[in-house]
1. How would you rank Val59, Val217, going from fewest to most other Cβ atoms within 10 Å of each one's own Cβ?
2. Counting other Cβ atoms within 10 Å of each Cβ, which GluC sites (Glu not before Pro) in region 112-205 have at most 14 and sit in a DSSP loop?
3. For a Förster distance of 22 Å, can you work out the FRET efficiency between the beta-carbons of Arg208 and Ala187, rounded to the nearest 0.05?
4. For region 1-142, with the dipole built from +1 on Lys and Arg beta-carbon atoms and -1 on Asp and Glu ones, taken about the Cα centre, which of Asn73, Gly107, Gln90 lies farthest toward the positive end?
5. If you take every DSSP beta bridge fully contained in the chain, what fraction is antiparallel? Give it as a percent rounded to 5.
6. Please list, short to long, the whole-number percent of alpha-carbon pairs of region 121-202 in consecutive 10 angstrom bins beginning at zero.
7. What net charge do the residues around Asp190 carry, taking every other residue with its C-beta under 14 Å from that of Asp190, with Lys and Arg at +1 and Asp and Glu at -1?
8. With θ set to phi - 60°, apply the Karplus curve 6.51 cos²θ - 1.76 cosθ + 1.60 along region 125-134 and write out the HN-Hα couplings as whole Hz, x wherever there is a Gly or Pro.
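Read-outs throughout are calculated quantities, based only on the coordinates presented, and are distinct from any laboratory measurement. What you see is a predicted model; the values in this text were computed from it and never measured. Virtual Cβ from ideal backbone geometry, glycine too; neighbours counted across all protein chains shown.
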Amino acid sequence: MSERQALLAGGLVAYRLERARRRSIGFTIGPEGLRVRAPGWATLAVIETALRDKQHWIVRKLADVREREARQNAARIVWASGGVLPWLGQALTLRLGNTHRAPCIAGSVLEVGLPAEAPFETVRARVQAWMQREARLHFAARVAHYAPQLTVQPARLMLTSAATRWGSASASGVVRLNWRLLHYRPALIDYVVAHELAHLREMNHGPRFWAIVESVVPDHARLRRELRESTAPQWQ
Ligand SMILES: [Zn+2]
């Protein structure tokens, strides 16, 4: 393995070269940059020609990865006084060192109910437990709102914390909703609630399913796009 550089699309690009038992030269682009895996017969000249053949694709992919990393770093929640928690589409500022015993909202401040010197893991766990409690209440109220309109009744409502899914519904009537949705404005949460409840009538994403969603959330397409394009707050 060696660290090298190539001139691609007019700029210097660092890459990591690995020799591997394979027939062709392969490229992967991830958070650690460009990685090239090449068979033993491929000389550096051959490798650099292969890189130049794909230079525009490589440079564009690297920029995408860097941009995503920057967005995620910017979305990382700071678990200390002054940190910001996106909450129902608004910003709540965390405050430690108060006398409350349980988290509570005061204006745009979330009194966490921990001493100022609490370690960040403790702050995070406290806020998570609070958010999950609030999510249960919020979802129950929104399900109570939409279920009669859709003439469905979920057998059970459960919280999830899946990294990539906002909700799901099973044929047995179990509706799962992600508590992290409470970061987003209420209209987005409503869309996900209505979407999962609509699955209790149509277990697919066909035209009949979308007509059911549309009957209670007319602007579902726009909300869906907004949710997809948003950067989820990072809890690490
Ligand atoms: Zn669905």
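1. Val59, Val217
2. Those that pass, being in a loop and sparsely packed, are Glu117.
3. Computed FRET efficiency for Arg208 and Ala187 comes out at 0.40.
4. The residue sitting farthest along the positive end of the dipole is Asn73.
5. Approximately 60 percent, going by the DSSP bridge assignments.
6. 18, 53, 23, 5, 0
7. My count for the surroundings of Asp190 gives 0.
8. Working through the residues one at a time gives 5, 5, 5, 4, 4, 5, 5, 5, 4, 4 Hz.
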